[in-house]
Structure formats: structure tokens, C-alpha cells
Amino acid sequence: MAARLAIITVNWNQTESTCRCLGSLAGFEALRPEIWVVDNASRNGGAEVIASEFPQVHLIANPSNLGFGAANNQALRELDARFVLLLNNDAFIPEADLAKLVEALEQNPHLAVVGPAVTAGPEAGDVIALGGRDVGRHIRTHLRPTDLTPERISQARPFQVRYVPGAIALLRTQILEEIGFLEESYFFGGELADFCEVAAGRGYSAAVLPAARGWHDMGESDELRQRLYPYYILRNRFLFVRRHRRRLLAPLMLLWTGYGLAVAGRALGAKDTTRARLLLLAVADGLRGRFGDQNRRVLGQ
């Protein structure tokens, strides 16, 4: 018999954060979720540490870094649950708030994905994300309270957004059989925006439930992720446009090329040659259609 809820988190060289996340989830009593961890070849024996400290979790240990989408897909293909929460290891949602998201999916069969209002930390009051807008057209995509009318964000029921950020996103697993799994060619960033776009094409929607709160501590990202992020977040805009904005392909490719050149120019002006190189590489790869794992080239290895 299928479980009601599963939770997936991906570990890549952040074993301490992952163990802290798993420790928090161990306190869930009412929902009793299945917990899955996919380790993407973390250094310093990350998978062994997790297996030792949390023997009750379902652990997939990869011999290489497969990226965010492929790692989640591994667990998604194996688990058997009605709903699944994709949860970054530096993010958290209290059990009572997760229960609200589960209820939202149960009561709204047209919803494919639902997420909470996200703050920057457990003590932070300011909301940093209420879902997101079209990543093919907007530079800043995370919606904040100032982007929405008070009537829209104060309501207890979910309101529709273009996508739910992948840090905390509850999916209806049945939809995976209809539309497929996460697109793996993004490798790092953009997978949930793409998934929500595909779901929308099949008549499903993505939503945020303001009454539910979670948090995402972006400050925990290590130096390696910070070096990779500028490249993938820009390059993957080209991939999203290629996949979902074919009618506006030329102007949107021009938009992201111009934006990339502009921010690379500002980085050069600030004598940040490393960032400038990454942004120019992102533009070049986006225009050429070079996607998937580019970590070695990005890191100059």
C-alpha cells in the first residue's frame, strides 16, 4: 500500500547540513513520512556518515554527481507515496505547515505542486519567496509580498504561481506518470520551473499556500556552490526558453545574451574576472545549446 507522504533531500558535500535536516524531520510524529536521501558522491564519506547516523532513511549513494534533477528522479522512481516533498538540505518546513500543504493537494485535484511562503531562516519574519514568475522573461523571479496584492497573499487557500521553488515543493506523484520526471539537462537550478511549465500544459497548476511557512537558509551554501550558481542560473534561462518559449525564441535569446554581457561587463569593471568568465561561458553555452553537467569547465578543472 502506498505511503501518504515521502520526503527527498539531495546531499552534495553538505553532509552536516543534511544530517541537521534529517534530525529535524525525525521529530515528525503525525505525518510519518518516508525519508529518502540521494548522495551525489559527496567527499569525506558523506553517504557513510548518513547511513550510520540515520539507518532508517532510504539512502541512494551515487558514484558521481548526477545533478539535482537526476538525483531526485532516482528516488522518485523508487518510492511509492501519494505526495512527495522535495526539500533542500538547507531548508525546513514544520510538520504542521507541511500538513497544510498535503491538505491543499488533497482538496485541489488540479494542483500539481504546492509550496509555502518561504523566509530566510527560522527566526526571520520577512518572506523572501511566494512562488515564482516566468523564468523565461524575468530576471528576478521569486515573488515577494510587495509584488502581490494584500488580498491575494492573505487568503488561507492556495493562489496560483508560475512555479514553486525547488527548495520546498510538495508534488502529487500521480502527475509524474502523466508528464514525466524532472528535466535532467538543467543539472543545477530551474528543474521545478520547467516541471511546473510542463504540468501547466497538461491542465495542472502550481500554487503557494501563504498560511504555510518554511525557511531556506541561503547563507549555508558553500563556496563551491556559490562559484557554480552564476553560470547555471544564467545558462539555464536559455534552456528554459528553448524548451518552452519557441514562439519568442529570438527576442528572449537576445534578452538573456544582452543581460549576460551586461552583468559580465559590470563584473569586469569590479575586477571580478572569475565571475565575468562564468557569465560569458553561460551565454556561450546557452547560445550553442550546451547543457547538462559542466562543472569541470565552470570550475576550470
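Readers should treat all values here as calculations from the given coordinates under stated rules, not as data from a laboratory. Every value quoted in this text rests on a predicted model; they were computed, and no experiment measured them. Glycine also receives a Cβ, built like all others from the backbone with ideal geometry; neighbour counts cover every protein chain displayed.
The figures follow:
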{"read-out": "Exposure proxy ranking, count of Cβ atoms within 10 Å, fewest first, for His58, His110", "value": "His110, His58"}
{"read-out": "Neighbourhood net charge (12 Å Cβ-Cβ; Lys/Arg +1, Asp/Glu -1) for Ile50", "value": "-3"}
{"read-out": "Candidates Glu53, Glu16, Glu151: whichever shows maximal mean-square fluctuation once the chain is modelled as a Gaussian network with Cα springs under 10 Å", "value": "Glu151"}
{"read-out": "Cut-off 10 Å between beta-carbons: net charge of the residues surrounding Thr173, Lys and Arg +1, Asp and Glu -1", "value": "0"}
{"read-out": "Viscosity 1.567 mPa s, temperature 4 °C, Stokes-Einstein D of the stretch 153-301 from Kirkwood C-alpha radius, µm²/s", "value": "76"}
{"read-out": "Packing-based exposure ordering (other Cβ within 10 Å, fewest first) of Asp126, Asp285", "value": "Asp126, Asp285"}
{"read-out": "Relative contact order of the chain, defined on C-alpha pairs under 8 angstrom at six or more residues apart (%)", "value": "19"}
{"read-out": "Order of Thr149, Thr9 under a 10 Å beta carbon neighbour criterion, fewest first", "value": "Thr149, Thr9"}
{"read-out": "Of the DSSP H helices in the chain, those whose Cα atoms cover at least 20 Å axially and whose Kyte score averages 0.0 or more", "value": "249-269, 273-288"}
{"read-out": "Top of Gly132, Gly289, Gly203 by mean-square fluctuation, Gaussian network on the chain, Cα under 10 Å", "value": "Gly203"}
{"read-out": "For the chain, Kirkwood radius (reciprocal of mean inverse C-alpha pair distance, Å)", "value": "19.7"}
{"read-out": "Neighbourhood charge, 10 Å Cβ-Cβ cut-off, centred on Leu281 and excluding it, Lys, Arg +1 and Asp, Glu -1", "value": "+3"}
{"read-out": "Cut-off under 5 Å, modelled amide H: who pairs with Arg162 long-range", "value": "Gly132"}
